[in-house]
Amino acid sequence: MPDETSIALRKIIHIDMDAFYASVEQRDFPEYRGKPLVVGGKPDSRGVVSTASYEARQYGIRSAMPSSKAYQLCPSAIFVYPRFDAYTTASKAIREIFSRYTDLIEPLSLDEAYLDVTVDKLGIGSAIDIAQSIKDAIKNELNLTASAGVSTNKFVAKVASDMNKPDGLTFIGPSKIKAFMEKLPVEKFFGVGKVTAAKMKAMQINTGADLKKLTESQLVAQFGKSGRFYYKIVRGIDERPVRANREAKSVGAEDTFSEDTNEDSVMHDLLKQISETVATRLEKHQLSGKTVTLKIKFADFKLITRSRSFATPINKAEVIYAEAIKLLDEAAIGTTQVRLLGITLSRFYDDVVIEKPEDNQLEFEF
């Protein structure tokens, strides 16, 4: 097992745009500036919040919150529907700025990415200076702000980028990582969602220092293969490389009913529309997948998924739809009211392993 000092040091930057969708809206529409703004469904709809401006966040409004709840928290907020074309255009411009400094860019979504600047194109050398130059370019050229985290690995850089938002720049160097990881609350660890965090706290594991007291075998016994990752990461060891041109692992779509339902005909109609959307996206990216996953969210927000894999890849709407219907039937929801349905196709490549994160977050394709 390597220790903290035996891994060659890299220079990793994590860039995270500040309230990206809302910031684009406030940039493009001056009347929204300085006001609580919610990007998502209208308050009288059954949509959810995609992004809230920092003014809206002061009222407790957060991503993935029902729009109706956001309205209750701040009736004076401005609600707008997403303009994904505008966000995609801005994201491409941001990506172009990144490429001035390095080709090792790993996008995570429209609004965040890892950059490996161990060797940078301009010969600047200092990752901190590069991060500041990127932030300045984004602000001066696009009138948007970004926060950056700088460290020797992806995990620490990502956590650092969230520490001084908005418009922050945080550097955690090699000599500071050990103390930083020991003080970090367990819920801030990559891969630790609400369920795992609750389990850890029930075991009196509240910080990295607490986590560090357990052996690797103890962590594996409690948390499965994730235990090995926790054992390494709490010691500041993250060997994951920045993967340029990362290939998509899944393509999907989902939609919320205007009213909760358990009517087969209504659910089938929506699944047909979703299947066609997924097929269109697959065609756009020239992809075919072997695993179909059906997502069902009930009226009480309980979420279940059902999946089936094929021996050969598929990408046709009618095939996806037929499989989604079978999975819906197998779910045997009975009289339970359904709020949302979604379909995802994955396993585009045989060597891809799909791991479902514990917490859902709103993500959209590049």
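The values are calculated or read from the model by the stated rules, or taken from the named source; none is laboratory data. On a predicted model such as this, the values are computed, not experimentally measured, just so you know. Every residue, glycine among them, receives a Cβ derived from its backbone with ideal geometry; neighbour counts consider all protein chains shown.
Summary of computed values
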quantity: Test: residue in segment 107-115 that is surrounded by 20 or more Cβ atoms within 10 Å (Cβ to Cβ) and over 25 Å from Ala19 (Cβ atoms); calculated: no
quantity: Conditions (1) under 14 Å from Val159 (Cβ atoms); (2) part of a helix (DSSP H, G or I): number failed by Phe190; calculated: (2)
quantity: Output for segment 314-349, where each listed residue is assigned to a loop (DSSP other than H, G, I, E, B) and without any contact (Cβ under 8 Å) to a residue 12 or more places away in the chain; calculated: Ala332
quantity: Any hit, segment 124-139, residues being modelled with pLDDT under 95 and either assigned by TED's automatic domain parsing to the domain that holds Leu340 or not in a helix (DSSP H, G or I) (or both); calculated: yes
quantity: Residue list for segment 287-313, filter: touching a residue at least 40 places away in the same chain (Cβ under 8 Å) and either of a type in the set (Ser, Thr, Tyr) or outside the structural domain of Met267 (by TED's automatic domain parsing) (or both); calculated: Ser288, Thr291, Thr293, Thr305
quantity: Only one of Thr207, Thr215 that is more than 25 Å from Ser161 (Cβ to Cβ) and among the hydroxyl-bearing types (Ser, Thr, Tyr); calculated: Thr215
quantity: In segment 140-157, residue surrounded by the most Cβ atoms within 10 Å (Cβ to Cβ) [restricted to those that are more than 21 Å from the chain's Cα centre (by Cα) and in a loop (DSSP other than H, G, I, E, B)]; calculated: Thr152
quantity: From Thr118, Thr196, residue being over 30 Å from Gln26 (Cβ atoms) and in a helix (DSSP H, G or I); calculated: Thr196
quantity: Boolean, Leu294 is closer than 17 Å to Ser346 by Cβ and either of a type in the set (Ser, Thr, Tyr) or assigned to a strand (DSSP E or B) (or both); calculated: yes
quantity: For Gly60: the one exception among (1) farther than 27 Å from Asn153 by Cα; (2) at pLDDT 95 or above; (3) part of a helix (DSSP H, G or I); (4) within 22 Å of the chain's Cα centre (by Cα); calculated: (3)
